[in-house]
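The values are calculated or read from the model by the stated rules, or taken from the named source; none is laboratory data. Bear in mind that the values here come from a model prediction, so they are computed numbers and not experimental data. Neighbour counts are summed over all protein chains in view; Cβ atoms, including those assigned to glycine, are modelled from backbone coordinates with ideal geometry.
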Amino acid sequence: MDSLSSLIDGFGVVFTPENLLFVFLGVTIGTVIGVLPGLGPTATIALLLPITYGISPEAAIMMLAGVYYGSMYGGTITSVLLRIPGEAASAITALDGYEMTKQGRGGPALGIAAIGSFIGGTVAIVGLAFVAPLLATWAVRFGPPEYAALTILGLVLVTYLGTKSTVKSIIVALFGLLLASIGPDPIRGTSRFNFDMPELFSGIDLVAIAMGLFGIGEIMYNLEQRIKGTGTIGKIDRILPTKDDWKQSRWSIFRGTLLGFPIGMLPGGGGVMSSLASYAAEKKIAKDPSRFGKGAIEGVAGPETANNASSISAFIPLLTLGLPSNAVLALILGALMMQDITPGPALIEEQPELFWGVIASMFVGNLILLALNLPFVGIFVQLLRVRIGIIGGIALLVTLVGVYTISYMEFDMWVMLAAGLVGYLMRKTGFEPAPLVLAFVLGSVLEVAFRQSMLLSNGDLSIFVSRPISGSIIAVVALVVATSVFGAIRRRRGGKGGIVEMTKQLAED
Amino acid sequence: MKKLGIGLVAGVLTLSLAACGGSGSSDAGADAGAADGYPEDDITMIVTYAAGGPTDIAGRAVAAAFEKELGVSVVVENVEGASGAVGSAQLSQARPDGLTIAMTTASAVSRVPLIEEVGFTQDDVIPVGTVTEGAGVILVPADSPYKTIDDLVEAAKKNPDKITIGAAGAQTPQAVEIERMKSEYDVPLQLVPFQGDAPSLTALLGKNVDAIVPSYNAAVRAQHEAGAIRPLAIMGEERADYLPEVPTLAESGFEDLIYGVSTFILIAPKGTPEAVVAKLEETLEAAVKDPDTYKALDGDVLVPEKFTGSKDLTKKMKDESAALKDVLQELFG
């Protein structure tokens, strides 16, 4: 199938009033919550999930994707102007972006971020349109051993790349695996670990857990954090960067795209990781690293480009293998599964409207964002005046109704509230909820694939290494584990290390 | 957004129905014989699987035909879980006035309660009639060395537990027949359950399993027409019109293996007045033949030529569960 003509068909799908509306809604909501500190894209998408149940799968994914990459734009605004990162992926931008604002160059900082985001996003969309079909064709041959190896790699990377302590990530991921084992035994079909509660026969609902952990947990946590008043916003004279700005940052944008694209596809990667890695790379490459933290435009351009590129490429593993690479994509998987669409290698062929429509919607969405962001920055900043208490109250009500309407089970509401409490406590104690949700999703895939492999090989474990693809993936797993151990030792000794180590250090600061 | 609104209404409706059921269940059925005037209100149709899936698509198609026939709204509500048993259990507790019906699979009613404590038994519901019937087809890749079902059986006997056969799930009717092939006919095929027909087809095309047992659904049909796969046997009682040259398992030496059929049925709560059941039955018979519904149901393949009504379906399901009770409890108990 020709990607180009399919993509044109995809635009046909986007340009219906309904779908355009949802793209517009998605990117606008994304920008808004990007601006609002506290509510990140994960929480927002978790809260929006039940609403997508009622619209077509295309429109649902277009909107949720729009929220995701839209938040990457929006998060920049407050990072640069107020040093309050609207969401985590833009936190690193605050270092140099805010300095630029203090030097009266806030406008160009926002401008270059928007332009970089647009370039990174667009290149990533093109990459997605060409890489995904190739990967899908290849992945058709993937059998259970390959899926088992891939999910193991995913789980290892999720804990290794987790931006907080690796030990805590492992604990959280293990807890997620345990939760995933509740409910139907995927091979025998019987129910297990259900404490004889009928509500648990089919397991715990991903949506209820995610809405609790991310949505409610984040709201509770933020209610506690008094966010400093809106403060004064530096005057913005011009938005468009100067020729010099552009000269200085074009290679950063180029590198940001190159870094962000693969990091987005990595399990456990995503926005935060890609912006940190890009910042680390820019600093390492710069002729004069001391400029960083004092208003270096590269420190804005690179990370903002990278996080946008990653938010697009993150869709590749989900749409071709059915494996989400980060928490946001796990939720989008949840949205697809609510509509009984299980993404996998066959998705592009079976749901061409969904696949190409979503890709085309990303082009449209990025254009809308570019048009939305540059002239209306001032309006979005006003959003900071909205009190989190008001948003929180409304959000709580909406989530409770929402989670109930998915399967009309009161039980799901309790699961969500409990997950919310757990999410709140985790945040307070420095545990990240993302590895839990990813492990919850990957855990079910892993169990199915592992046990199917055992049936295929009649119990012989060598099936995982004797097949070329799964063998190679297992080798990568071994490599990652080894690197992580050596990296930890080296860091303990105070060595400087490569970009991965620098990224991890940035994350810990 | 529209569907969400309906969903909310349906949610409220269920709550109020449940509330009524608590207080007024003793006089339910007292108004038996009063099918005139039925339905006096909107109907709720519980679909016992997720929205967007095959049961849901079939359920919504039938619901649309019911609306046309009966002139009231038929609100579809998805109550998924436990292979369809959660929604069926909920149906069994609904007020038996014909205003709550459910679209489910025969196995959710006749098999799952034999395996699992799901809060209802087959006797707590009345099967109204068959909507679709999809017989399992044993399929191999076109370049497979197995040309006939005998080839496959022979290979399995030569290499016990080495010839792998994928199914849509361990408890699907087709998988159970494969297990019975092993226990009752000494054909040691290695069953590998997948999470639905689609992943098992992918596994077959990727050469990860030797054979699969899906129904002849659109994806399978497309692969067959493209010449990528070869059907070896039909797992129902009789040959299928759409694959007339393919023998049944029964005629290939496995007389008892006739239950490898996925059947979608309509059910009503126990105590629903006979006249109302008759009215539902009649409406369903007309519904599956309604051109739009027939098309949505993939009628040429899945809608049986002869409609099976309440009485026959009940007997059929009873026979089946009597025949399979021991096997099921041994396999999954």
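Checking the stated criteria, B:GLU305 turns out not to satisfy the condition of being surrounded by fewer than 16 Cβ atoms within 10 Å (Cβ to Cβ) and either assigned by TED's automatic domain parsing to the domain that holds B:ALA211 or at pLDDT 95 or above (or both). Suppose the filter is assigned to a loop (DSSP other than H, G, I, E, B) and either in contact with a helix residue (DSSP H, G or I) (Cβ under 9 Å, 6 or more places away or on another chain) or polar (S, T, N, Q) (or both); does B:GLU179 pass it? It is false that B:GLU179 is assigned to a loop (DSSP other than H, G, I, E, B) and either in contact with a helix residue (DSSP H, G or I) (Cβ under 9 Å, 6 or more places away or on another chain) or polar (S, T, N, Q) (or both).
Which residues, taken from the stretch B:214-236, are closer than 13 Å to B:GLU133 by Cα and either exposed (fewer than 15 other Cβ atoms within 10 Å of the Cβ) or touching a strand residue (DSSP E or B) at 6+ places or on another chain (Cβ under 6 Å) (or both)? Can you show your working first?
Going residue by residue through the stretch B:214-236, those that are closer than 13 Å to B:GLU133 by Cα are B:214-217, B:234-236.
Answer for the stretch B:214-236, where residues must be closer than 13 Å to B:GLU133 by Cα and either exposed (fewer than 15 other Cβ atoms within 10 Å of the Cβ) or touching a strand residue (DSSP E or B) at 6+ places or on another chain (Cβ under 6 Å) (or both): B:SER215, B:TYR216, B:ILE234, B:MET235, B:GLY236.
Results for (1) under 30 Å from B:ASP186 (Cα atoms); (2) touching a Cys at 6+ places or on another chain (Cβ under 8 Å); (3) free of Cβ contacts under 8 Å to residues at least 60 places away in the same chain, shown as yes or no for each residue.
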position	(1), (2), (3)
B:ALA250	yes, no, yes
B:ILE258	yes, no, yes
B:VAL261	yes, no, no
B:ALA268	no, no, no
B:GLY271	no, no, no
B:VAL276	no, no, no
B:LYS279	no, no, no
B:THR283	no, no, no
B:VAL288	no, no, no
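The set of residues from the stretch B:101-117 being surrounded by fewer than 23 Cβ atoms within 10 Å (Cβ to Cβ), facing chain A (nearest Cβ under 10 Å) and touching a residue at least 24 places away in the same chain (Cβ under 8 Å) comprises B:ILE115, B:GLU116. Based on what the data block shows, is B:ALA170 surrounded by 17 or more Cβ atoms within 10 Å (Cβ to Cβ), within 11 Å of chain A (Cβ to nearest Cβ) and assigned to a loop (DSSP other than H, G, I, E, B)? When the stated conditions are applied, B:ALA170 passes them.
Tell me whether the stretch A:96-104 contains one or more residues that are outside any helix (DSSP H, G or I) and either farther than 29 Å from A:PRO433 by Cα or modelled with pLDDT of 90 or more (or both). Yes, the stretch A:96-104 has at least one match. When A:ILE119 is tested against the conditions (1) buried (at least 24 other Cβ atoms within 10 Å of the Cβ); (2) under 14 Å from A:ALA301 (Cβ atoms), the lone failure is (1).
Any residue that is within 12 Å of chain B (Cβ to nearest Cβ) and hydroxyl-bearing (Ser, Thr, Tyr) - is there at least one of those in the stretch A:135-144?
Scanning the stretch A:135-144, I find at least one residue that is within 12 Å of chain B (Cβ to nearest Cβ) and hydroxyl-bearing (Ser, Thr, Tyr), so the answer is yes.
Quick check on the stretch A:145-185: of everything there that is polar (S, T, N, Q) and surrounded by fewer than 22 Cβ atoms within 10 Å (Cβ to Cβ), which residue is farthest from the other protein chains (Cβ to nearest Cβ)? The selected residue is A:SER165. If I filter the stretch A:412-431 for residues that are at pLDDT below 90, assigned to a helix (DSSP H, G or I), farther than 30 Å from B:ILE165 by Cβ and β-branched (Val, Ile, Thr), do I get at least one hit? Checked the stretch A:412-431: no residue is at pLDDT below 90, assigned to a helix (DSSP H, G or I), farther than 30 Å from B:ILE165 by Cβ and β-branched (Val, Ile, Thr). The residue list B:VAL125, B:VAL140 contains one member that is modelled with pLDDT of 95 or more, over 28 Å from B:GLN329 (Cα atoms) and buried (at least 22 other Cβ atoms within 10 Å of the Cβ), which is B:VAL140.
I'd like the residue in the stretch A:290-324 that is out of contact with any helix residue (DSSP H, G or I) (no Cβ under 7 Å at 6 or more places or on another chain) and in a helix (DSSP H, G or I) and, out of all such residues, is surrounded by the fewest Cβ atoms within 10 Å (Cβ to Cβ).
In this case the residue turns out to be A:SER290.
Has the stretch A:51-69 got at least one residue that is polar (S, T, N, Q) and more than 14 Å from chain B (Cβ to nearest Cβ)? Checking the stretch A:51-69: not a single residue is polar (S, T, N, Q) and more than 14 Å from chain B (Cβ to nearest Cβ). Of the residues contained in the stretch A:228-250, one or more are found to be surrounded by 22 or more Cβ atoms within 10 Å (Cβ to Cβ), assigned to a helix (DSSP H, G or I) and modelled with pLDDT of 90 or more.
Would you check if there is a residue in the stretch A:32-46 being in a helix (DSSP H, G or I), among the hydrophobic types (A, V, I, L, M, F, W, C) and within 14 Å of another protein chain (Cβ to nearest Cβ)? No: the stretch A:32-46 contains no residue that is in a helix (DSSP H, G or I), among the hydrophobic types (A, V, I, L, M, F, W, C) and within 14 Å of another protein chain (Cβ to nearest Cβ). Looking at the stretch B:60-78, is at least one residue touching a Lys or Arg at 6+ places or on another chain (Cβ under 9 Å), within 12 Å of another protein chain (Cβ to nearest Cβ) and assigned to a helix (DSSP H, G or I)? The answer is no, given that none of the residues of the stretch B:60-78 is touching a Lys or Arg at 6+ places or on another chain (Cβ under 9 Å), within 12 Å of another protein chain (Cβ to nearest Cβ) and assigned to a helix (DSSP H, G or I). Within the stretch A:136-153, the residues that satisfy the criterion of being at pLDDT 90 or above and part of a helix (DSSP H, G or I) are A:PRO144, A:PRO145, A:GLU146, A:TYR147, A:ALA148, A:ALA149, A:LEU150, A:THR151, A:ILE152, A:LEU153. It is to be established whether one or more residues within the stretch B:188-201 are part of a loop (DSSP other than H, G, I, E, B), among the aliphatic types (A, V, I, L, M), more than 10 Å from every other protein chain (Cβ to nearest Cβ) and within 24 Å of B:LEU114 (Cβ to Cβ). Yes, there is a match, as at least one residue in the stretch B:188-201 is part of a loop (DSSP other than H, G, I, E, B), among the aliphatic types (A, V, I, L, M), more than 10 Å from every other protein chain (Cβ to nearest Cβ) and within 24 Å of B:LEU114 (Cβ to Cβ).
Name the one entry in B:GLY37, B:GLY98 that is more than 14 Å from chain A (Cβ to nearest Cβ), modelled with pLDDT of 80 or more, in contact with a helix residue (DSSP H, G or I) (Cβ under 6 Å, 6 or more places away or on another chain) and at positive phi.
B:GLY98
Scanning the stretch B:152-177 for residues that are touching a strand residue (DSSP E or B) at 6+ places or on another chain (Cβ under 8 Å) and in contact (Cβ under 8 Å) with a residue 60 or more places away in the chain returns B:LEU152, B:GLY169, B:ALA170, B:THR172, B:PRO173, B:GLN174, B:GLU177. For A:THR28, the stated conditions hold: it is surrounded by fewer than 24 Cβ atoms within 10 Å (Cβ to Cβ), at negative phi and hydroxyl-bearing (Ser, Thr, Tyr). If you take the residues of the stretch A:412-442 that are buried (at least 19 other Cβ atoms within 10 Å of the Cβ) and within 14 Å of another protein chain (Cβ to nearest Cβ), which of them is farthest from A:GLU199 (Cα to Cα)? Applying the filter and picking the extreme gives A:VAL441. Looking only at residues in the stretch A:193-206 that are aliphatic (A, V, I, L, M) and within 12 Å of another protein chain (Cβ to nearest Cβ), which one is surrounded by the fewest Cβ atoms within 10 Å (Cβ to Cβ)? My answer is A:MET197.
Here's the yes/no breakdown for (1) modelled with pLDDT of 90 or more; (2) surrounded by fewer than 21 Cβ atoms within 10 Å (Cβ to Cβ); (3) in a helix (DSSP H, G or I):
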| site | (1), (2), (3) |
| --- | --- |
| A:MET337 | no, yes, yes |
| A:PRO345 | no, no, no |
| A:GLY357 | yes, no, yes |
| A:MET362 | yes, no, yes |
| A:ASN366 | yes, no, yes |
